[in-house]
Each structure stands twice: as C-alpha cells, then as structure tokens.
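Input: a single structure, listed below in structure tokens.
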Amino acid sequence: MNGARFTAVLAGLAILLAVLAGLDVIAPRSQQESGLVAAEPARSGAWTCTIVDASASSPPHVSAIGAPSDGNAAAEVVLDLIGDGTVGRIQPLAPFPETATGRDLADPIADAGALLARWRRTPAVMARSWQRDASDGPGGTLAGPCVAASSERWVVPGVSTAGGAVASLALTNVFDVDASVSITLATPSGERAPVLLENVVVQRRSVLRIVLNEHAPEERDLGVVVTTRSGRVVVEAVQTFDAAIGGIDGVSLVAAAPEAAEVWTVPWLAGAPAAVSDDGDDGDVAGAGSDGQSGDDDTGDVGIDPTLVDLVGDVDLPGTPAGWLWITNPSDDRATVLVTLHTQTGALLTDILEIITLDPMQVTRLSLDGALPPGVEQVAVTVASENGVPVVVSAATTVASNDVDDTSLAVVAAVAAPAPVWVVPSEPLPGRSTYLAISNPSGADAMVDISLWTAEGILRPDALHGVGIPSGAMRVIELSSLVQADLVDSAAVVTATMGEVVVGHIGRALDGPLDLVVHPGVPSTVWSGGRLVSSTRFDPALANQTRRERD
C-alpha cells in the first residue's frame, strides 16, 4: 500500500470514529449508561408447552389464540412434538386475530414430552391443558399458558415435599444440543445444594423430570433455583397433594420465573378471613389505598356497573379455603418486603402481614389465614421489596372438606408488572366454570373492556364494556353464563381503556372433583415487542469482531 492510499484509509477511519462518537453523544444519557435499546415489535416467536404425566385416556390439548394485532392475517403456527431425543412435526395451526383454535395431541406423548410452537407473521398466544392420570396418585387438570421466555436462571418460588405432597421439576430442552444445569434449593434456613443436582444433563429434544422429594424429603417449603451451565432449558414444576396423607387431593402446574423483580402481584388466592371480635372490632386490618390513604367504598366513576352485579363476586368454593404466599429471595443480599392486599373496595395493609425480611436463598411461607378482613375470603396480593433487593413470589390455595371431591389445590405465579392488554386462555370448558380475576395495584383508577374469543368468533357482551377497577382494588368476574358451555378453545381478552391491570384465570369443575385451576394471563408485553435488548457496539480492539464486521 503506497503512502497516499494509507493516509486516505486513516482519514476514513478517523471520520468513521468521529461519526460513531457523535452518535454516542447524541444518544440519551440513560441509554448510554445501560447499553440498552428498544427492540422492534416481534414478527416471530416461539412457545414451549411442556406436558408431564399426561393421562393416556385423555389426550393433551393445545390452544392457539390470535393475539390482538393491527393486521387481519392469520398467524402461522408450526407445531413440533419433542421427547426422548426425537422431534415430530404435526399439522400446523392458523388462528386469525380475535379467534381461538386448538387440537388434541392424538399422537402419543411419552411420560414426559413437550410441544414447540413457533409462530410468524401475526402473533399467537399458546396454551395447553392435560389430565394427570389418577392411577398413580392424585389426578386432575393441569393448564396454563405455554412459556415464551428464555433465561439462564429460573426460580420456582415455592413447592412442598411434606405431608404427602410431591413436587417435581420439568426441565425442557427443545434444542438440538444437550444442556446442563445446576439446581440449588432455598429453604427457611437458607441455601441447600444437593450433590446430585450440581451438574444435571438435559439431553437434546427431551424433557427431564426430577422428583424433588428424592433430594429434599419432608420439606414444607422449598424454593428452587435452576442455573444454566450450557445450552438452554425451560423450567416448570408440578405439585401434588394426596388426600390419603394430608386430607386434600390436588394437582397444580407451577410456573418458574425467568428473573427476580422488586414488585409482584398475585392475581387471586383464597383464605380464611379474620373473625369479628365481640366488641365489634374487625381485628388489626387497616384500610389504605395505593397512596396510603384510608380506603372506603367510594369508587367514584369506576364503581361496579349495575349490569355487572350478577357477574361480580367470589369464586364458588364448596369447602374451607386456606391460602399462603411463597416468597423466595434468590439474591445475595437480605430482602425486606411489604405485603398489600387488594379487595373489592381497595388496597389494605394489615398488621398481621407486617414487613417481612428474607436472608439470601431463603424461602418463607406467609399465611393469609386470619389476615383477611372479616367477610373477605378472596383477594389479590402485591409484594414489594422495600430495600430494592428482588425476590420471586407465588401463592397457593387449598380447599379442605370432609368430602374428598370437594378438596383441591392451586398454585399461581405472581405477575411482575401490570399491562394494558391481556390474553387469558381457558382450559376446555365442558363441565367447568370459569372466572376472571382483575386487580389494579397502581395508584390510579383503571377501566377495562372484556371480550371473549372462541373458534366461532368474538363475543363482546355489553356488561363487560367499561368495567371499572378502582385504584388498589380487584374484581372477580364469572364468565360461564356468557359463553357456550361446550367450548373447547376460548380465551378472554382484557383491554384497559384507562390505566393498567393484572389479570388471572380461575376454573373449576361443576361436578365430581373440584379440580381447581388458577394461572395468570399473558400480558401484551410478551408478544408486542418493545423489550430492552443489549445494544451492539463496535470495539476496534476486538480482532475477531473487526473481522466479522469486515466480512
């Protein structure tokens, strides 16, 4: 290279570096410091639908709901059955926006299997449901949205292995290479690291089931942290209670959180209310709105519409409910959290649920029995870190009765943030009733429109238009009387016209075993894009990055 050409190249590089430096200066300061930029709306995505212990007599069912979208094109959903190291393509689904469609997975799924659902063009929300065979312990319905998140670290905030309870992890690897993980346990006394769980291999295209009772037997409360060493996995858990030992028969799908957060809201749980004392004192419950002011029944312009009176109320439970929170601190620092209840009339702080402190890798069970106001059995709950240390939260509800068929168990994951739009899938409805739980943990009133999406089209009942959710309050809305009882695929879509909310689903059987199912809905942030992602920066000191850029 001659001197003139070399000088020109240097000049060109100087200009390029000056432009890059200028762009760095122009970028917002917060963006420079974080190195994060907003992503464009997603044009494709994938869901992992794990199915464990499915009953051979009742094939698993998968539902696809066309998410709210600006376009009218149908989503293209490719379905692959994953299990035992193999993959099998089955007939795809093509839900249009504002419809729900699904399919029984007639092809046999082994003892542990999964469905990989990949959508493109138009977003689709995926859900699955299946029956657990009662021939080997408690049976019942497991249902909920599939998992769209990916993470290097998953946290299950609470399970139990004591008193006839069985907890198992499902580690799903849908990819073509093996993965390895380490599993540690959070207990009330701190971290436990079983030797056999230090390096667990999850073979490619398979689901590995780990029974936690074999590693931590008779533990009333366990948090589980799964850290990826190589490859990628999706983590969920299954919890069962056995009436033969503990008096309650139940089974529940337990979601894992892909990251800890400072604020969580549980969309619904039930418990025993406080007793009214002889002097008329309602106990130690102190009413407070989200701004800390005293709560009352004045809900202003967002009160209960008269047309909703027959639809708003508690979920009908035949037995005696008991509820608790599981809070796990997977961080290295001590966490201090505050608990707020959300009722029909607003937010409540109670002396019984005072500020809770958790040491690193500690899990705690916080019972709501006696902490609920007199006459209140069903609430939403917000858990907020007071010192900025993130935690993970879930809630469990049991229903006890002298009749085993009237007993049940449901574990529901908390939601990290409110959102303006929610898709809330339901398990197949024949023989079941279904409810929505909508809470407003923010400091401003919210108003929502609710529509019902089915395979036959969309329903917009007048009674579900302009439903007010006051600041700090929650509503339980019964949907069964508004939809066909024989629907297999359906979902409720909750759109906030004012504010943001948290939404969950509750379902129960009408006859036979109670078979309670509770899970959160899917917020619009999952399919609409706009996540913060790491920005790419050019560093001339990195030789292979320079080579890639040049190539």
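Structure above, values below:
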{"read-out": "Segment 327-339, residues that are in contact with a strand residue (DSSP E or B) (Cβ under 6 Å, 6 or more places away or on another chain) and either surrounded by fewer than 21 Cβ atoms within 10 Å (Cβ to Cβ) or hydrophobic (A, V, I, L, M, F, W, C) (or both)", "value": "I327, A335, T336, V337, L338, V339"}
{"read-out": "For V78: the one exception among (1) more than 22 Å from the chain's Cα centre (by Cα); (2) crowded, with 22+ Cβ neighbours inside 10 Å; (3) of a type in the set (V, I, T)", "value": "(2)"}
{"read-out": "Top-ranked residue of segment 407-439 - restricted to ones that are touching a Leu at 6+ places or on another chain (Cβ under 6 Å) and in a loop (DSSP other than H, G, I, E, B), ranked as modelled with the highest pLDDT", "value": "G431"}
{"read-out": "Filter result for the condition that a residue is touching a strand residue (DSSP E or B) at 6+ places or on another chain (Cβ under 9 Å) and free of Cβ contacts under 8 Å to residues at least 60 places away in the same chain, over D449, D369, D406", "value": "D449"}
{"read-out": "T172 vs. criteria surrounded by 17 or more Cβ atoms within 10 Å (Cβ to Cβ) and more than 30 Å from G388 (Cα to Cα)", "value": "yes"}
{"read-out": "Residues satisfying the stated conditions in segment 348-366, i.e. in contact (Cβ under 8 Å) with a residue 24 or more places away in the chain, surrounded by fewer than 19 Cβ atoms within 10 Å (Cβ to Cβ) and assigned to a loop (DSSP other than H, G, I, E, B)", "value": "I355, D359, P360"}
{"read-out": "Strands (runs of 3 or more DSSP E) enclosed by segment 1-106 - at least 2 residues per element that are farther than 16 Å from W527 by Cβ and at pLDDT below 80", "value": "36-38"}
{"read-out": "Residue selected from segment 130-162 under the condition β-branched (V, I, T) and in a strand (DSSP E or B), by the criterion nearest to V411 (Cα to Cα)", "value": "V159"}
{"read-out": "Filter pass, D369 being assigned to a helix (DSSP H, G or I), among the charged types (D, E, K, R) and within 26 Å of G507 (Cβ to Cβ)", "value": "no"}
{"read-out": "Condition check for V393: crowded, with 24+ Cβ neighbours inside 10 Å and more than 24 Å from W154 (Cβ to Cβ)", "value": "no"}
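The values are calculated or read from the model by the stated rules, or taken from the named source; none is laboratory data. Please read these numbers as outputs of a predicted model, since none were measured by experiment. All Cβ positions, glycine included, derive from the backbone under ideal geometry; neighbour counts span all protein chains shown.
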